[in-house]
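Step one of this worksheet: look at the structure below.
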């Protein structure tokens, strides 16, 4: 549910959303939590990435997940297997999480736990390559996923997501040999939109790139403002 | 660009959009044109499907395309190769086509051509599995694509698109052997949302299912209201 393009109204909505996002981030900062907003098209691999991230880092850091879906708790249930708090937000007909929805999730976290004990909150957004990129939720960094199966041209056709990303994961690298695509072209198209984001090529199936992702993630925890620039493409 | 969930305002916007869609459809009916609204996540294969459809049916029917993208004319250029009118609509920050945008496209078509000569208008929507499903543009039928790479659970997690579809194409079937998915499960999940839509399993690479898609498409032309129900799953 959303409006057609209306600049005046849109700016007001985004302004109100931004105030809420700043408020959420102030809470995270007060509690020493790093918050990442994880976004992609449906099926690019957000939930699998979170599963593997929780499995690898759950013992090193105290992690909570805010899980956004239009409907169902299918993804939330998958992640609860890892014994972390997973706060499910059903957005109904809304195509993205906004800062008010995430504020509700934060308050539930603070009500049920001591939030100062947490190091990391991972927000999994609704699967949508367009709308979530415009609505900050209070995150310290934005992580976008693009599956190799989506094609080379997506960074050019959906520019906002790629311009906003601090870290871009090119997923399902194991499928690349079965596709008529050039991964270097995808990377070049991302760079055209965003010269500075971290780009990591990964495969949940083979494990390619996962250690680099964990390393980047560790670098964000407790120093969320220290995002480095001019980062290389790594496998 | 869109609002957060606001039922009252949302209904007004959808009502205004619906009036515009009915107006567009009246034009199509007056001219004897069948209009299909083609929707999916980014990269599920809409443009490849249109390329193959134009190549196969361009000599049998007079076809025009209305091509929606946030930015660029990359897809429009690909389709112009087939010597059909391709009207490109850049939606800017909007995540879907609405009936007003498509009305602009229709007026351009009617200005530059004799619209009564056309049999079929294919509208390629912005790549988004959420928002386009809610905004009718004047189509006679909705076609949704879901790539096998997107996973089994998508019909449950993004229900509106699957509830609205008259024809659902499960694409990239050639990749199924490389994935840990069960296509029958995808079909069952679609059926849970929509017992009656046509479901066709296709591969642009191997040609699987394409003849069935062309056959369904032919059945829509000049008899757009004759969508059959209780249709089988076909390859």
So in segment A:55-66, with the set limited to residues that are closer than 16 Å to residue A:213 by Cβ and surrounded by fewer than 20 Cβ atoms within 10 Å (Cβ to Cβ), which one is nearest to the other protein chains (Cβ to nearest Cβ)? A:55
Would it be correct to say that residue A:181 is surrounded by fewer than 22 Cβ atoms within 10 Å (Cβ to Cβ), within 14 Å of chain B (Cβ to nearest Cβ) and touching a residue at least 24 places away in the same chain (Cβ under 8 Å)? yes
For segment B:84-128, give me each residue that is in a loop (DSSP other than H, G, I, E, B) and within 14 Å of chain A (Cβ to nearest Cβ). B:91, B:92, B:93, B:94, B:95, B:96, B:97, B:98, B:125, B:126, B:127, B:128
Return only the number of the condition from (1) part of a helix (DSSP H, G or I); (2) within 13 Å of chain A (Cβ to nearest Cβ); (3) touching a helix residue (DSSP H, G or I) at 6+ places or on another chain (Cβ under 8 Å) that residue B:77 does not satisfy. (3)
Please indicate, with yes or no, whether at least one residue in segment A:209-216 is within 14 Å of another protein chain (Cβ to nearest Cβ) and either touching a helix residue (DSSP H, G or I) at 6+ places or on another chain (Cβ under 8 Å) or in contact (Cβ under 8 Å) with a residue 60 or more places away in the chain (or both). no
If residue B:162 satisfies all but one of (1) part of a helix (DSSP H, G or I); (2) more than 14 Å from chain A (Cβ to nearest Cβ); (3) over 21 Å from residue B:20 (Cβ atoms), what's the number of the condition it fails? (2)
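So which of B:64, B:21 is in contact (Cβ under 8 Å) with a residue 40 or more places away in the chain, assigned to a helix (DSSP H, G or I) and farther than 22 Å from residue B:147 by Cα?
Details: B:64 fails: assigned to a helix (DSSP H, G or I).
B:21 is the lone residue from the list that is in contact (Cβ under 8 Å) with a residue 40 or more places away in the chain, assigned to a helix (DSSP H, G or I) and farther than 22 Å from residue B:147 by Cα.
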Mind checking which residues of segment A:67-87 are buried (at least 20 other Cβ atoms within 10 Å of the Cβ), without any contact (Cβ under 8 Å) to a residue 24 or more places away in the chain and closer than 19 Å to residue B:158 by Cβ? A:76
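When you go through B:193, B:173 one by one, which is the residue that is in contact (Cβ under 8 Å) with a residue 12 or more places away in the chain, touching a strand residue (DSSP E or B) at 6+ places or on another chain (Cβ under 9 Å) and surrounded by fewer than 23 Cβ atoms within 10 Å (Cβ to Cβ)? First the steps, then the outcome.
Numbers: B:193 fails: touching a strand residue (DSSP E or B) at 6+ places or on another chain (Cβ under 9 Å).
Testing whether each residue is in contact (Cβ under 8 Å) with a residue 12 or more places away in the chain, touching a strand residue (DSSP E or B) at 6+ places or on another chain (Cβ under 9 Å) and surrounded by fewer than 23 Cβ atoms within 10 Å (Cβ to Cβ) leaves just B:173.
Restrict the check to segment B:96-108 and report whether at least one residue is closer than 30 Å to residue A:48 by Cα, out of contact with any strand residue (DSSP E or B) (no Cβ under 7 Å at 6 or more places or on another chain) and at pLDDT below 95. Before the answer, list the steps.
First, the residues of segment B:96-108 that are closer than 30 Å to residue A:48 by Cα: B:96.
Now drop any that are not out of contact with any strand residue (DSSP E or B) (no Cβ under 7 Å at 6 or more places or on another chain), which leaves B:96.
If we keep only those that are at pLDDT below 95 as well, we get none.
No, segment B:96-108 contains no residue that is closer than 30 Å to residue A:48 by Cα, out of contact with any strand residue (DSSP E or B) (no Cβ under 7 Å at 6 or more places or on another chain) and at pLDDT below 95.
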Identify all residues within segment B:134-149 that are surrounded by fewer than 24 Cβ atoms within 10 Å (Cβ to Cβ) and within 13 Å of chain A (Cβ to nearest Cβ); write none if there are none. B:134, B:136
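The values are calculated or read from the model by the stated rules, or taken from the named source; none is laboratory data. Here the structure is a predicted model, which is why all the values come from computation and not from measurement. Heads up, the Cβs are rebuilt from the backbone with ideal geometry, glycines too, and the neighbour counts pull from every protein chain shown.
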